[in-house]
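The values are calculated or read from the model by the stated rules, or taken from the named source; none is laboratory data. Model, not experiment: these values are computed from the prediction. All Cβ positions, glycine included, derive from the backbone under ideal geometry; neighbour counts span all protein chains shown. Accessible surface areas use protein heavy atoms only, side chains included; no ligands, DNA or RNA. Shrake-Rupley method; radii C 1.70, N 1.55, O 1.52, S 1.80 Å.
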Amino acid sequence: MKSKDNKPHIGIFGRRNNGKSSIINLMTQQNIAIVSDQAGTTTDPVKKSIEIFGIGPTIIIDTAGIDDTGILGEKRIAKTLETLKIIDIAILVLTNNTFGEPEQKLIEQFKSYDIPFLIVHNKSDLAPLNPVFRLELTKKLHVPIVDFNTLNAAQVSELIEKLKQIMPQTVYQKPSLFAGIVKPNDVVLLVTPIDSEAPEGRMILPQVMAIRDVLDKNAICIVLKETNLKQYFDQNMPQPNLVVTDSQVFDLVNKTVPRNIPLTSFSIVLARLRGSFDYYIKGTPVLSKLNNGDRILMLESCSHQVSCEDIGRIKLPEMIRNFSKKNVHFDIVSGLSPIENIEQYRLVIQCGGCVVTQKQLFNRLKPAIDNNIAVSNYGMTIAYVTGIFDRIMEPFKM
């Protein structure tokens with residue numbers, strides 16, 4: 001399942017015919033999910049972008065029943081569990097005061113992925129929540145429990161309030177690429193190449209985020225192409241306090257920008273924001289230890305048309321081979337597709353991840369981290385193989 005949205009992601013889980021789809025329709029006041037008395041109506045995870053009053057723009061994911069059976073049922077459950085990698089919080093739906101092995105196994109997965117969750121005891125008009133059952137669950141799980149009935153729309157307010165209580169604060173925090181780096185009145189120079197990989201008529205998200213963040217910090221933002229960089233310094237323009245460049249022109253920018261001026265890249269400040277920064281710093285030097293036959297996995301968060309200037313598929317593999325002087329092999333995985341046989345890789349290199357959430361990016365790298373496989377990202381890898389890794393890391397040590 002792919003995601004291209006930074007909104008909070010809410011997954012709804014439970015056994016077949018527990019009313020998950022009805023809850024979604026009531027929360028959104030739309031007939032988004034198919035509702036049927038027949039168990040197993042929802043077969044594959046269904047993702048919808050919606051507005052939930054009190055929470056805001058949200059992605060909600062309806063999933064297949066966790067008690068599905070048969071060969072197809074096992075595949076549906078596997079797809080349901082795949083959604084755990086991309087959600088921020090979860091709703092576990094129970095009915096008829098029933099809690100058993102399917103729920104317990106799912107909760108163990110919630111804990112493994114550090115997913116906050118709450119319990120909705122649905123269809124209370126048919127079987128009200130038993131006080132003893134509620135007390136037992138509360139003592140065991142220590143999570144909010146909402147007694148619910150989709151015939152009573154007034155209960156939606158309570159559910160939304162509980163969701164707001166468990167929503168991680170990082171979901172609502174305003175992202176800042178330059179926290180602790182850029183001060184008011186600083187001059188920040190952004191070097192933004194325009195090649196065939198650049199989107200037509202617009203800029204990539206990290207560049208837009210950088211411009212906005214500089215302005216929000218009451219600093220001075222200057223944007224230019226790498227072809228105008230030498231002219232900028234030759235004309236004695238205001239000396240920047242920081243230069244941020246696209247990683248693909250690191251070599252040129254490094255030679256042009258005076259050594260006393262801090263330098264880094266868009267993908268690196270984005271990696272710092274996304275939260276896997278320390279793993280990248282630790283893993284990147286593995287590039288100096290590659291052997292013939294090693295496999296490297298390139299992770300792209302989005303799918304796009306490949307060109308001769310493609311960074312992840314063409315340029316970066318060539319740079320790594322030239323740097324290492326080794327015959328290494330590369331595999332490419334786009335979107336958030338499952339990674340198979342992660343243990344075969346010596347190194348995993350992640351793109352900037354500008355189209356996914358912090359949670360999704362961390363869970364994308366989690367299999368590699370759990371297996372002690374080194375991870376890096378595009379920007380740090382390019383900096384390392386071009387010999388300027390130490391320089392581009394200096395702004396973060398100030």
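What's the number of the condition residue 23 fails, among (1) more than 29 Å from residue 333 (Cα to Cα); (2) among the β-branched types (Val, Ile, Thr); (3) surrounded by 14 or more Cβ atoms within 10 Å (Cβ to Cβ); (4) modelled with pLDDT under 80? The one condition residue 23 does not meet is (4).
Checked against (1) open to solvent by 60 Å² or more (accessible area, probe 1.4 Å); (2) within 27 Å of residue 153 (Cβ to Cβ), residue 60 meets all criteria but (1). Taking region 286-314 as the range and being assigned to a helix (DSSP H, G or I) and either open to solvent by 40 Å² or more (accessible area, probe 1.4 Å) or at pLDDT below 90 (or both) as the test, the residues that pass are 288, 289, 311, 312, 313, 314. Cβ-Cβ distances below 6 Å connect the following pairs, each with a first residue in region 156-168 that is buried (at least 17 other Cβ atoms within 10 Å of the Cβ), a second residue that is modelled with pLDDT of 90 or more and not in a helix (DSSP H, G or I), and a separation of six or more residues or different chains: 159/146; 162/118; 162/144; 162/146; 167/89.
So is residue 161 touching a Gly at 6+ places or on another chain (Cβ under 8 Å) and at pLDDT 85 or above or not?
Details: touching a Gly at 6+ places or on another chain (Cβ under 8 Å): yes; at pLDDT 85 or above: yes.
Yes: the conditions hold for residue 161.
A residue that is small (Gly, Ala, Ser), touching a residue at least 12 places away in the same chain (Cβ under 8 Å) and under 24 Å from residue 210 (Cβ atoms) occurs somewhere in region 272-283.
The set of residues in region 233-248 being surrounded by fewer than 22 Cβ atoms within 10 Å (Cβ to Cβ) and more than 12 Å from residue 190 (Cα to Cα) consists of 233, 234, 235, 236, 237, 238, 239.
Of 111, 75, which residue is more than 20 Å from residue 17 (Cβ to Cβ), at pLDDT below 95 and either outside any loop (DSSP other than H, G, I, E, B) or open to solvent by less than 60 Å² (accessible area, probe 1.4 Å) (or both)? So that I can check it myself, show each step before the final result.
Working: 75 fails: more than 20 Å from residue 17 (Cβ to Cβ).
Being more than 20 Å from residue 17 (Cβ to Cβ), at pLDDT below 95 and either outside any loop (DSSP other than H, G, I, E, B) or open to solvent by less than 60 Å² (accessible area, probe 1.4 Å) (or both) holds for just one of 111, 75, which is 111.
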